[in-house]
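Enquirer: Next up is a structure, given as structure tokens.
The values are calculated or read from the model by the stated rules, or taken from the named source; none is laboratory data. In this text the structure is predicted, and so the values were computed from the model without any measurement. Ideal geometry is used to build each Cβ from the backbone, glycine not excepted, and the neighbour counts take in all protein chains shown.
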Amino acid sequence: MGFAIITLVHPELGVIDNMAWFHNQDVPLHDPTALAKFGKLDVVAKLIVEGYMIGQHKSPFKGSSVEFVEHRQYYPGDEIRHIDWRAYGKTGRYFIKEFEEETNLRAYLIVDCSGSMGYAGKHLAKFDYARLLAACLGYLLIAQRDAVGLSLFDTKVRQRFDPATSPRRFQQITEALNQCKPGQETSLAKVFQTLVPTLKRRSLVIFISDCFDDIDHLGTALQQLRHGRHEVMLFQVLAPEEEDFPFTKPTQFRSLERDTHRILTDPHRLRQIYLEQFHEHQERLTQIAGNLGIDYCKLLTSDPYDMALGAFLDRRTRASK
């Protein structure tokens, strides 16, 4: 596998000599919490990817930008210029003309912005970790001339961009991630019923979530993606406290998705039950991902982003063989 070094352009410093700048600035690449305070989301994402030294990858999906493929229903967020007005004149309904794109890979970043993603603990909030991870993957893909899109959701899709290869798409993705705040509770199966039909066929879907939903509903959502013949990578983002449940003193717990739900209790009485249910959920999730042929990677908010980038590039290398 070859390597590519991309020249960074700092908003104030201009063109940067990559590795020399790293050594001089002492960028905390292995500390997600410190990185989140280091600068703007787009700049930090570039620093992380550049520090990791992007690995070239090949795509199994090739196409031509001028070959018409099929029509599909118009959805809010689709580019108006792709509407087939002749079809509208005949049917009174909006349809999009789809073409095979001149790109190595078509990828969608699907990021969970439900209330539970707002939990922080002693480290970075899960959503802050997830959106920087999404920005890193978006930058990596566009740097490799792949097309990248974005969907943000809680109870419904809040923001959506179709895949594109231009640097402008990366800026749009980071701006949307910056503006988004964790919202309401999640209903993955319901959201995915609406979302999956909008995804162009045979794409890479990168799903970033804490996966805190009814495990059967979650399995249904993942199954919908696979039925669409998509290649799926699942990054589960968790806080260390959610894995260890280290609480010892009487503590008030509240739902981040339903703020009115609060309970004051002794954590000692809950710990065993919580850990049993948590591990059962994790085992089921691992099993579902394995059965569906989904690449699954669990990340703690204290883990360096190298783990996610390595998992992603390993997957792309295996897919290209």
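Enquirer: Considering only the range 149-159, I want to know if a residue exists there that is part of a helix (DSSP H, G or I) and either in contact with a helix residue (DSSP H, G or I) (Cβ under 9 Å, 6 or more places away or on another chain) or not assigned by TED's automatic domain parsing to the domain that holds His217 (or both). Step through it out loud before you land on a result.
Expert: At the first step, the residues of the range 149-159 found to be part of a helix (DSSP H, G or I) are none.
Checked against the condition, which is being part of a helix (DSSP H, G or I) and either in contact with a helix residue (DSSP H, G or I) (Cβ under 9 Å, 6 or more places away or on another chain) or not assigned by TED's automatic domain parsing to the domain that holds His217 (or both), the range 149-159 yields no hits at all.
Enquirer: Let me ask something else. Going through the range 157-199 one residue at a time, which ones are of a type in the set (Asp, Glu) and under 14 Å from Arg131 (Cβ atoms)?
Expert: Here is the first cut: in the range 157-199, the residues of a type in the set (Asp, Glu) are 162, 175, 185.
Glu175 - this is the single residue of the range 157-199 that is of a type in the set (Asp, Glu) and under 14 Å from Arg131 (Cβ atoms).
Enquirer: Return a yes/no flag: does the range 180-188 have any residue that is of a type in the set (S, T, N, Q) and surrounded by fewer than 18 Cβ atoms within 10 Å (Cβ to Cβ).
Expert: yes
Enquirer: State yes or no: is Gln159 more than 21 Å from Val44 (Cα to Cα) and either without any contact (Cβ under 8 Å) to a residue 60 or more places away in the chain or in contact with a Gly (Cβ under 9 Å, 6 or more places away or on another chain) (or both)?
Expert: Details: more than 21 Å from Val44 (Cα to Cα): yes; either without any contact (Cβ under 8 Å) to a residue 60 or more places away in the chain or in contact with a Gly (Cβ under 9 Å, 6 or more places away or on another chain) (or both): yes.
Spelling it out, Gln159 is indeed more than 21 Å from Val44 (Cα to Cα) and either without any contact (Cβ under 8 Å) to a residue 60 or more places away in the chain or in contact with a Gly (Cβ under 9 Å, 6 or more places away or on another chain) (or both).
Enquirer: Only one residue in Ser203, Ser151, Ser209, Ser166 is over 15 Å from Cys113 (Cβ atoms), among the hydroxyl-bearing types (Ser, Thr, Tyr) and crowded, with 20+ Cβ neighbours inside 10 Å, so which one is that?
Expert: The unique qualifying residue is Ser203.
Enquirer: So which helices (runs of 4 or more DSSP H) stay within the range 183-300 end to end and still have 3 or more residues that are in the same structural domain as Ile110 (by TED's automatic domain parsing) and at pLDDT below 90?
Expert: 188-195, 267-292
Enquirer: Let me ask you something else. I'd like the full set of residues that are free of Cβ contacts under 8 Å to residues at least 60 places away in the same chain and in a loop (DSSP other than H, G, I, E, B), limited to the range 162-177.
Expert: Listed by number, the list holds a single entry, Ser166.
Enquirer: Restricting to the range 191-224, name every residue that is without any contact (Cβ under 8 Å) to a residue 60 or more places away in the chain and in contact with a strand residue (DSSP E or B) (Cβ under 6 Å, 6 or more places away or on another chain).
Expert: Hit for the range 191-224 is Val191, nothing else.
Enquirer: Could you look through the range 301-321, keep only residues that are among the hydroxyl-bearing types (Ser, Thr, Tyr) and modelled with pLDDT of 90 or more, and pick out the one that is nearest to Asp128 (Cα to Cα)?
Expert: This residue is Thr301.
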